[in-house]
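The values are calculated or read from the model by the stated rules, or taken from the named source; none is laboratory data. Note that the coordinates shown come from a computational prediction; the quantities given were computed from them, not determined experimentally. Virtual Cβ from ideal backbone geometry, glycine too; neighbours counted across all protein chains shown.
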Amino acid sequence: MSDTKRFLYVNRKAPHGTIYALESLEVVLIGAAFEQDVSLAFLDDGVFQLIKKQATTGIGVKNFAPVYRALGDYDVKKIFVERESLEERGLSEDDLMEIVHEDDEEEEHNSIEIVDRARMAEIMAAQDVILSF
Amino acid sequence: MGYQWNGQEIAADEEGYLTDLSQWNPELALLIAEDEKVAMTDEHWEVVNFLREYYDEYQIAPAIRVLTKALKKKLGEEKSTNKYLYDLFPYGPAKQACKIAGLPKPTGCV
Amino acid sequence: MSTLHTVNKSPFERGSLASALAHALPGDAVLLIEDAVVGARAAASKTAEMMKAAMPACSLYVLGPDLSARGIPSTDVVEGVTVVDYPGFVDLVAGHDKTQAWL
């Protein structure tokens, strides 16, 4: 398709305290219907959105964390997480939930790729459209 | 609007989607289906149960193309076509089946 | 492919400016608007240093009306940072391939 554009959703805020993370996720899911080249970036406090075992019952809000694991079904297969942002917060890849997608042969692949800051800057530069949350 | 079930008033939004997912049960599903003019068969239940399982796992009602893709994997080619699903749920499988399953309206439902 | 990065929150309140500068590539522009303009004062040494360090590679701008609204004279702004008005803001947007907001 010649009119496919590269869309990057940039997520920089922790979940649950503000509506940004959920809004971003909803836009991603709705936008998936348009079959564009979609990537997600998680940096700064945004890396907390992908932490496993989030339990929100105590604060009385819906836990949307499991939705990230459905992204593969929506053909969202590229999820970039910034290494420096994880390290600054004392986190590592092991703290993140597992998100996979299937290829055409129904084989599962990891959707999350840990990238350093310089690579993240290149990924951002290579996009046609950037949506910030 | 809402549903009268077992002497209780079950709350729903203006389109008939349950306000509180935890109030759902199979009998209530039959009541909602009746409102939707859908006569529930085993084939209907396969789709409704699948939606509930998907929601339980991912906390989201899948968009129609996600539903067909996932159903194809689980139930096979002939039970996942748009035609098959629209025959079961004439007003849109994602919308009608989700409503009967007690789930919110699917995100990205255009 | 050059990008205009906009920052609209004070660098004393959150890390958006630092993040934007850390991800801006040579040839990109960074524009401070709204509350971010409080970070453009030369007298605030920490943020001033941060911007000076980015400057040979990137061009930095600050929105004049937001400075005025906050009582910051343009003479107080870090040397090398260009003060622009609203038409200047539009020119910056039009002059780059895309805009990335750092919220």
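Which members of the range A:114-125 meet the condition of being within 7 Å of chain C (Cβ to nearest Cβ) and out of contact with any helix residue (DSSP H, G or I) (no Cβ under 8 Å at 6 or more places or on another chain)? I'd like the intermediate steps shown before the answer.
Of the residues in the range A:114-125, the ones within 7 Å of chain C (Cβ to nearest Cβ) are A:117, A:120-121, A:124-125.
Result: A:ALA125, single match.
Going by the conditions given, is A:ILE19 surrounded by fewer than 15 Cβ atoms within 10 Å (Cβ to Cβ), free of Cβ contacts under 8 Å to residues at least 40 places away in the same chain and out of contact with any Phe, Trp or Tyr (no Cβ under 6 Å at 6 or more places or on another chain)? Working first, answer last.
Numbers: surrounded by fewer than 15 Cβ atoms within 10 Å (Cβ to Cβ): yes; free of Cβ contacts under 8 Å to residues at least 40 places away in the same chain: yes; out of contact with any Phe, Trp or Tyr (no Cβ under 6 Å at 6 or more places or on another chain): yes.
Taking the combined requirement at face value, the residue satisfies it.
When you go through B:LEU75, B:LEU31 one by one, which is the residue that is within 21 Å of B:GLN4 (Cβ to Cβ) and either within 10 Å of chain A (Cβ to nearest Cβ) or not polar (S, T, N, Q) (or both)? Write out each step before concluding.
On the way: B:LEU75 fails: within 21 Å of B:GLN4 (Cβ to Cβ).
Exactly one residue qualifies, and that residue is B:LEU31.
Screening the candidates A:VAL129, A:VAL76 for the property of being modelled with pLDDT of 95 or more, under 28 Å from C:ALA24 (Cα atoms) and within 14 Å of chain B (Cβ to nearest Cβ) yields one hit, A:VAL76. Every test in (1) free of Cβ contacts under 8 Å to residues at least 60 places away in the same chain; (2) within 26 Å of C:THR6 (Cβ to Cβ); (3) buried (at least 22 other Cβ atoms within 10 Å of the Cβ) is passed by A:LEU71 save one, and that test is (2). The conditions are (1) more than 13 Å from chain B (Cβ to nearest Cβ); (2) touching a Gly at 6+ places or on another chain (Cβ under 9 Å); (3) closer than 15 Å to A:ILE99 by Cβ; (4) of a type outside the set (Ser, Thr, Tyr), and A:ARG12 fails exactly one of them. Which is it? Among (1) more than 13 Å from chain B (Cβ to nearest Cβ); (2) touching a Gly at 6+ places or on another chain (Cβ under 9 Å); (3) closer than 15 Å to A:ILE99 by Cβ; (4) of a type outside the set (Ser, Thr, Tyr), the lone unmet condition for A:ARG12 is (3).
Tell me yes or no: at least one residue of the range B:41-49 is farther than 24 Å from A:GLU105 by Cβ, at pLDDT 95 or above and not in a helix (DSSP H, G or I). Steps first, answer last, please.
Of all residues in the range B:41-49, those farther than 24 Å from A:GLU105 by Cβ come to B:41-49.
Cutting the leftovers down to at pLDDT 95 or above gives us B:41-49.
Narrowing further to those that are not in a helix (DSSP H, G or I): B:41.
Yes, the range B:41-49 has at least one match.
Among the residues in the range A:43-53, are any at pLDDT below 95 and more than 12 Å from every other protein chain (Cβ to nearest Cβ)?
First pass over the range A:43-53, keeping only residues at pLDDT below 95: A:53.
With more than 12 Å from every other protein chain (Cβ to nearest Cβ) added as a condition, the list becomes A:53.
Taking every residue of the range A:43-53 in turn, at least one turns out to be at pLDDT below 95 and more than 12 Å from every other protein chain (Cβ to nearest Cβ).
Against the conditions (1) more than 13 Å from every other protein chain (Cβ to nearest Cβ); (2) within 11 Å of the chain's Cα centre (by Cα), C:LYS46 satisfies every one except (2).
Restricting C:ALA24, C:ALA101 to residues that are modelled with pLDDT of 95 or more, within 14 Å of chain A (Cβ to nearest Cβ) and crowded, with 19+ Cβ neighbours inside 10 Å narrows the list to C:ALA24. On inspection, A:LEU29 fails the criterion of being farther than 18 Å from C:SER19 by Cα, part of a helix (DSSP H, G or I), among the aliphatic types (A, V, I, L, M) and modelled with pLDDT of 95 or more.
Every residue in the range B:70-93 that is within 16 Å of the chain's Cα centre (by Cα) and in a helix (DSSP H, G or I), please. Spell out how you get there, then give the answer.
Initially, the range B:70-93 is screened for residues within 16 Å of the chain's Cα centre (by Cα), giving B:70-71, B:79-80, B:82, B:84-93.
Listed by number, the residues that qualify are B:ALA70, B:LEU71, B:LYS79, B:ASN82, B:TYR84, B:LEU85, B:TYR86, B:ASP87, B:LEU88, B:PRO93.
Listed by position, the helices (runs of 4 or more DSSP H) inside chain C whose residues that are farther than 26 Å from A:LYS13 by Cα and among the hydrophobic types (A, V, I, L, M, F, W, C) number at least 2 are C:64-69, C:86-94. Selection of the range A:81-110 for residues being under 12 Å from A:LEU50 (Cα atoms) and in a loop (DSSP other than H, G, I, E, B) yields A:LEU91, A:SER92, A:MET97, A:GLU98, A:ILE99. With respect to the conditions (1) within 11 Å of the chain's Cα centre (by Cα); (2) within 12 Å of chain B (Cβ to nearest Cβ), A:GLU26 falls short on a single one, namely (1). Checking B:VAL47 against (1) within 14 Å of chain A (Cβ to nearest Cβ); (2) touching a Pro at 6+ places or on another chain (Cβ under 9 Å); (3) not polar (S, T, N, Q): exactly one of these is not met. Which one? Only one criterion is unmet by B:VAL47, namely (1). The set of residues in the range C:76-103 that are basic (Lys, Arg) and at positive phi is empty. For the range A:95-113, the count of residues that are closer than 21 Å to A:ALA21 by Cα, surrounded by 13 or more Cβ atoms within 10 Å (Cβ to Cβ), within 10 Å of chain C (Cβ to nearest Cβ) and under 12 Å from the mean Cα position of the chain (by Cα) is zero. Take C:ASP76 and tell me if it is surrounded by fewer than 16 Cβ atoms within 10 Å (Cβ to Cβ) and under 19 Å from A:LEU131 (Cβ atoms). Taking the combined requirement at face value, the residue does not satisfy it.
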